[in-house]
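Encoded as structure tokens, the structure appears first; notes follow it.
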């Protein structure tokens with residue numbers, strides 16, 4: 001039986017079109033509230049992502065990726081919302097006219113409902129990242145893991161006043177075959193990433209900026225993983241968005257769509273980074 005707030009197919013209120021570009025100019029540093037000019041040309045197309053029957057994309061974990069063109073990126077943020085950093089992330093995205101997907105934790109959604117509603121009101125996609133961010137779902141009994149995921153969707157719906165998008169990301173990418181099959185049976189898509197900012201590791205905003213831009217230049221497209229709870233990410237994000245726009249990248253807005261998206265298969269020699277990612281994340285939780 002479907003819990004009352006697990007997403008139903010094609011929640012069309014998420015399918016927002018007409019993304020507005022930010023005002024022209026170059027951001028010289030600091031954050032978007034400091035009065036610096038906003039980058040132009042970053043806002044890209046809307047990509048409807050149908051997940052009927054399940055979907056698993058993101059080359060760091062799965063042998064498939066979203067069908068993105070060269071220099072198209074999907075911005076994603078995990079673990080929020082929390083006051084302070086999440087607000088600054090939203091400021092930067094608004095300045096750039098870009099839309100993102102926020103994989104939120106249910107208990108943070110409950111504790112910061114007004115901030116969650118701001119995320120949605122500003123046109124971003126709200127998705128689920130469990131209720132309590134267990135470490136990890138792999139170490140929980142199947143029924144307990146399901147309950148935490150369901151509780152996450154429930155908390156988001158209660159705080160938001162509408163269901164989350166039918167998109168899910170495993171904490172630490174720690175999936176299981178049983179949970180993947182269960183999510184697919186409920187028409188919920190699973191999203192890994194194609195590159196990440198490593199913002200769980202201690203570093204300065206400048207180091208994170210250089211690292212992430214380098215990875216983006218090498219990958220040239222894909223789902224980018226940030227954490228909106230990290231102050232360093234909130235600090236460097238305006239500069240990242242400006243630099244990405246200057247290099248010709250566009251932020252594609254991922255929204256729920258009908259049917260099932262046909263993902264692009266991984267190239268020859270693909271291998272998963274999931275286990276290494278879990279090991280990195282484990283060290284961050286010590």
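The values are calculated or read from the model by the stated rules, or taken from the named source; none is laboratory data. The shown structure was predicted, so the numbers you read here are calculated from the model rather than taken from an experiment. Note that each Cβ is placed from the backbone with ideal geometry, even for glycine, and that neighbours are counted across all protein chains shown.
Residues that are assigned to a loop (DSSP other than H, G, I, E, B), closer than 24 Å to residue 172 by Cα and either modelled with pLDDT under 95 or touching a strand residue (DSSP E or B) at 6+ places or on another chain (Cβ under 6 Å) (or both) within the range 93-115 comprise 99, 100, listed in sequence order.
Close contacts from the range 116-135, counting a first residue that is in a loop (DSSP other than H, G, I, E, B) and a second that is buried (at least 24 other Cβ atoms within 10 Å of the Cβ) and modelled with pLDDT under 95, with Cβ to Cβ under 8 Å and a gap of 6+ residues or different chains, come to none at all. Of all residues in the range 140-169, those satisfying the criterion of being touching a residue at least 12 places away in the same chain (Cβ under 8 Å), out of contact with any helix residue (DSSP H, G or I) (no Cβ under 6 Å at 6 or more places or on another chain) and under 20 Å from residue 282 (Cβ atoms) are 148, 169.
When residue 69 is tested against (1) assigned to a loop (DSSP other than H, G, I, E, B); (2) touching a strand residue (DSSP E or B) at 6+ places or on another chain (Cβ under 8 Å); (3) surrounded by fewer than 17 Cβ atoms within 10 Å (Cβ to Cβ); (4) modelled with pLDDT of 95 or more, exactly one condition is not met: (2).
Given the criterion within 21 Å of residue 230 (Cα to Cα) and within 19 Å of the chain's Cα centre (by Cα), identify the matching residue among 157, 109.
Numbers: 157 fails: within 21 Å of residue 230 (Cα to Cα).
Exactly one residue qualifies, and that residue is 109.
Evaluate the following for residue 172: is it surrounded by fewer than 24 Cβ atoms within 10 Å (Cβ to Cβ), closer than 27 Å to residue 84 by Cα and at pLDDT below 95? Yes; evaluated as a whole, the condition is true for this residue.
Among the candidates 220, 276, single out the residue that is more than 30 Å from residue 83 (Cα to Cα) and under 18 Å from the mean Cα position of the chain (by Cα). Walk me through how you get there before you give the answer.
Values: 276 fails: under 18 Å from the mean Cα position of the chain (by Cα).
Only one candidate passes the filter, namely 220.
Just to check your reading of the model, which residue among 137, 180 is buried (at least 19 other Cβ atoms within 10 Å of the Cβ), over 24 Å from residue 249 (Cα atoms) and at pLDDT 95 or above? Please lay out each step first, then the result.
On the way: 180 fails: buried (at least 19 other Cβ atoms within 10 Å of the Cβ).
Just one listed residue meets the conditions, 137.
Within the range 167-193, restricting attention to residues that are more than 14 Å from the chain's Cα centre (by Cα) and not in a helix (DSSP H, G or I), the residue that is nearest to residue 227 (Cα to Cα) is 174. Taking the stated definitions as given, is residue 280 under 23 Å from residue 184 (Cβ atoms) and either buried (at least 24 other Cβ atoms within 10 Å of the Cβ) or modelled with pLDDT under 95 (or both)? Against the criterion (under 23 Å from residue 184 (Cβ atoms) and either buried (at least 24 other Cβ atoms within 10 Å of the Cβ) or modelled with pLDDT under 95 (or both)), residue 280 does not qualify.
Anything in the range 194-235 that is within 16 Å of residue 58 (Cβ to Cβ), assigned to a loop (DSSP other than H, G, I, E, B), touching a helix residue (DSSP H, G or I) at 6+ places or on another chain (Cβ under 7 Å) and modelled with pLDDT of 95 or more? List them, or say none. 194, 197, listed by residue number. Looking for something crowded, with 18+ Cβ neighbours inside 10 Å, without any contact (Cβ under 8 Å) to a residue 60 or more places away in the chain, touching a helix residue (DSSP H, G or I) at 6+ places or on another chain (Cβ under 6 Å) and not in a loop (DSSP other than H, G, I, E, B) - is there at least one such residue anywhere in the range 76-92? Scanning the range 76-92, I find no residue that is crowded, with 18+ Cβ neighbours inside 10 Å, without any contact (Cβ under 8 Å) to a residue 60 or more places away in the chain, touching a helix residue (DSSP H, G or I) at 6+ places or on another chain (Cβ under 6 Å) and not in a loop (DSSP other than H, G, I, E, B), so the answer is no.
For the range 262-277, a residue qualifies if it is touching a strand residue (DSSP E or B) at 6+ places or on another chain (Cβ under 9 Å) and modelled with pLDDT under 85, and exactly one does: 277. Scanning for something at pLDDT below 95 and outside any loop (DSSP other than H, G, I, E, B), does the range 20-31 turn up at least one residue? No, there is no match, as no residue in the range 20-31 is at pLDDT below 95 and outside any loop (DSSP other than H, G, I, E, B).
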